[in-house]
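A quick write-up on the structure given underneath.
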Amino acid sequence: MNNNEIKYDQVRPVKWRDDALFLIDQRLLPRVHEEIVCHDVAAVAHAIREMVVRGAPAIGITAAYGVVLAARSRYQEAPDTWKQDIEADLELLANTRPTAVNLFWAIDQMRKLVQSVSTDPVKTLLQKAQAIHQADIKANHAMGKLGAALIEQPCAVLTHCNAGALATGGYGTALGVIRAAYAGKRIHQVYADETRPWLQGARLTAWELLQDGIPVTLVVEGAAAHLMKQGEVGWVIVGSDRIAANGDVANKIGTYNLAVTARYHGVKVMVVAPTTTIDMNMAEGAEIPIETRDQSELLDLQGQRIAAKGADAWNPVFDVTPAGLVDAIVTEKGVVRSPDAEKMAQLMAGS
Ligand code: MRU
């Protein structure tokens, strides 16, 4: 890692320390910077469901550590039956959020090890969770370089939600590219959508870029077309929660709007995601389960009703951008330009 990479890499949302899991409580940022500590799998599942930790890779890493905590208590309670008993904990973790495939990928990795381990499992499982965590950070640095190299002319970029250090093991996917490209003077301005209703852009993306000294300008989602019309934005750069085998991309609701708008204005779309986000079992995006969250996230603001009494709300929190609107998918294994099923299969065959 060179000095620039270290300078632009300060935030770590998930930490294993003192035999417990520490998570930055992302619901409170940027006003309060506080960690919550999880000593058992129930606390980990609660943290994922309630958005203490969010973002596809970070959810997967957190779940992997959750399996370590589950194994610790199951093995202590019943060393003879813990391998069957832990299945209920894996189910609990899997039922927290449906869209980010990294969650299911990480649980599968840990389950395989649970099945093969023969003695006290904690050390072996912890090493695996830490390896998943470190591999994610390494992948993000690799993607940062690959994605930055696609930006030929210095330009402004627009990002959506938070696909940064906070959403991953560290450094970020979309924000990893933005960090690398900013360090290489390929980006002169970062625009971030505020990202209603959780405000991941206004609260998290803005906070973490500023932690690293990268200036950021917030816009409401509705400003995207008007912003692109100014001609300054060269790329929309986003992460993903799940990419189907044909290159369709599920990401935070509003990404599809951006991709449609970008195509109209000649702005390119880059999706940055590790191969752990690619789900070759989903032939196309229409098969990806889309999480719908509680209406209150739209109807209320900080516990106060803001919508007219009697109105209800529809709150899908992800959408699917067709592969045809994506110019490049950047993974740690390489870049897929104008993705389709054949190119995705080639990428995954090489991984
Ligand atoms: O609901 P969230 O905050 O978990 O949604 C996160 C996103 O949509 C991110 O863009 C995606 O997970 C990529 S994170 C590297």
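Worth pointing out:
- Residue count for the range 49-66, restricted to those that are open to solvent by less than 10 Å² (accessible area, probe 1.4 Å) and more than 9 Å from the ligand (Cβ to nearest atom): 8
- Counted residues, the range 224-258 - those being within 13 Å of the ligand (Cβ to nearest atom) and small (Gly, Ala, Ser): 4
- Total residues in the range 233-255 satisfying the condition of being in contact with a His (Cβ under 9 Å, 6 or more places away or on another chain) and outside any helix (DSSP H, G or I): the figure is 8.
- Criterion: at pLDDT 95 or above, small (Gly, Ala, Ser) and in contact with a strand residue (DSSP E or B) (Cβ under 6 Å, 6 or more places away or on another chain) - qualifying residue of 324, 310, 285, 334: 285
- Contacts under 7 angstrom Cβ, first residue in the range 231-256 being in contact (Cβ under 8 Å) with a residue 24 or more places away in the chain, partner among the basic types (Lys, Arg) and crowded, with 24+ Cβ neighbours inside 10 Å, 6 or more apart: 250/242
- Residue tally, condition buried (at least 24 other Cβ atoms within 10 Å of the Cβ), in a loop (DSSP other than H, G, I, E, B) and of a type outside the set (A, V, I, L, M), over the range 150-168: 5
- Check on residue 205, closer than 20 Å to residue 255 by Cα and away from the ligand (no atom under 16 Å from the Cβ): no
- The range 93-103, residues that are surrounded by fewer than 19 Cβ atoms within 10 Å (Cβ to Cβ) and farther than 13 Å from residue 250 by Cβ: 94, 95
- Enumeration of residues in the range 10-29 that are of a type outside the set (Phe, Trp, Tyr) and open to solvent by less than 70 Å² (accessible area, probe 1.4 Å): 11, 12, 13, 14, 20, 21, 23, 24, 25, 26, 28, 29
- Residue match in the range 183-196 (condition: assigned to a helix (DSSP H, G or I), more than 29 Å from residue 105 (Cα to Cα) and open to solvent by 40 Å² or more (accessible area, probe 1.4 Å)): no
- Taken together, the residues in the range 197-220 that are hydrophobic (A, V, I, L, M, F, W, C) and not in a loop (DSSP other than H, G, I, E, B) amount to 8.
- Qualifying residue in the range 270-278 (condition: open to solvent by 10 Å² or more (accessible area, probe 1.4 Å) and more than 24 Å from residue 11 (Cβ to Cβ)): yes
The values are calculated or read from the model by the stated rules, or taken from the named source; none is laboratory data. Just so it is clear, the model here is predicted, and its values are computed rather than measured. Ideal geometry is used to build each Cβ from the backbone, glycine not excepted, and the neighbour counts take in all protein chains shown. Heads up: the accessible areas ignore ligands, DNA and RNA and are worked out on the full protein's heavy atoms, side chains in. Shrake-Rupley method; radii C 1.70, N 1.55, O 1.52, S 1.80 Å.
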